[in-house]
Amino acid sequence: MNLMKLQELKGHDVYEFSYAENGLNNWNQNSLFLSTEDFSLLSTYLDKVFDDYNYYGPQKVKLEDWKKVKKVYELSKETHESITKFFIEIDKWLENKNDLYDYFWILGV
């Protein structure tokens, strides 16, 4: 799973991980992006935490729910180095600038 910054994008079929302060604005310099193909690897875990995850629009993700998504992955006993690394990178990204909020956005395709 390859997280990208805005300047690294090669296409527009991506999911944007956006800080709460950005609101619903797309294509933010401080966002991280994930291809739809890579994002599909997360759907198993997201669907177990969110009843109606919005894959085609904005999804507000509370930090407590994000911890649950990570826990579902950990409990699955599946070991995908790239998914483990993904969760670590997202946690670092959240620690960097989201400390005033208890949520972030995932903006769908």
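Read-outs throughout are calculated quantities, based only on the coordinates presented, and are distinct from any laboratory measurement. Model, not experiment: these values are computed from the prediction. Don't worry about glycine lacking a Cβ; one is built from the backbone with ideal geometry, like all the others, and counts go over all protein chains shown.
Relative contact order of segment 1-97: 28 percent, from C-alpha pairs under 8 Å at least 6 residues apart in sequence. Using alpha carbons only, how many angstrom separate the centre of segment 71-99 from the centre of segment 16-31? Centre-to-centre (Cα) distance: 19 Å.
Which entries of K10/K60; K10/K67; K70/K97; K10/K62; K10/K48; K48/K97 show an alpha-carbon separation above 23 angstrom in the structure shown? Beyond 23 Å between Cα atoms: K10/K60; K10/K67; K10/K62; K10/K48; K48/K97. Quarter the surface of the alpha carbon convex hull of the chain and you get the mean projected area, 6.3 square nanometres. By the rule of a C-alpha distance below 18 Å, with chain neighbours fewer than 8 residues away ignored, the aspartates and glutamates paired with K77 are D47.
Scanning the chain for trypsin sites (Lys or Arg not before Pro) in DSSP loops with at most 16 neighbouring Cβ atoms within 10 Å leaves 11-76 as the longest stretch between them. Segment 8-64: percent of C-alpha pairs farther apart than 14 Å? That fraction is 58 percent.
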